[in-house]
Amino acid sequence: TTIFSIFAIVVIIRHRNMLISYTTQLAQGVDAPIPKTRLREFSEVIKAVYTLQDTLKDKDFIEENTKAIRHELRNPIIFIANNAETLRHIASNKDELKLINNILLSTSRMKSLLDGLLDLSKLHRKQDNTLKDNLLGLEGI
């Protein structure tokens, strides 16, 4: 039984080191190959980490596209708002002024929505960085 216990410990330590190496590489942005293991528990953990990695890649894609969309929408909105502001100074009657103020109000709301997209993107990035830090923390286990 002593030999079996030593063998079991060696196998578990080997698999633990393999898991730590894999998660560390992923946290550093390396496209690491999925480690092979016959131990069901370690295999399940590795599959979960792989799924997590894909989720993080998807979030990076979403964040990049969110920033691009925000940028593409923000410039025309600012252009419209600036022109409306200029028109406000030369409005000749109350109806024109009301229309211009509605345009300014709408562009202000749109800018707020776009800023909310950026804030949401930053929040996701912060959560992802915390997750990556946690993966790196597995080294100490």
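Can you compute the charge dipole magnitude of the stretch 1-97 about its Cα centre, using +1 on each Lys and Arg Cβ and -1 on each Asp and Glu Cβ, nothing else charged? Give it in debye, rounded to the nearest 20.
Computed about the Cα centre, the dipole is about 560 debye.
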Item to check | Rounded percent of accessible protein surface that carbon and sulfur make up, the chain, 1.4 Å probe | outcome: 62 percent
Checklist outcome for this item: In degrees, nearest 10, the alpha-carbon axis of helix 94-136 is tilted away from the dominant principal axis of the alpha carbons of the chain by 10 degrees
Item to check | Residues of the stretch 1-119: accessible area per residue with a 1.4 Å probe, Å² | outcome: 73 Å²
Item to check | C-alpha long axis of helix 2-27 to longest principal axis of the chain, angle in ° | outcome: 20 degrees
Checklist entry - How big, on average over all directions, is the shadow cast by the Cα convex hull of the stretch 1-88, in nm²? => result 8.0 nm²
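The values are calculated or read from the model by the stated rules, or taken from the named source; none is laboratory data. In this text the structure is predicted, and so the values were computed from the model without any measurement. Please note: Cβ atoms are built from the backbone with ideal geometry, for glycine as well, and neighbour counts cover all protein chains shown. These accessible areas exclude ligands, DNA and RNA; they are computed on the full protein's heavy atoms, side chains included. Shrake-Rupley method; radii C 1.70, N 1.55, O 1.52, S 1.80 Å.
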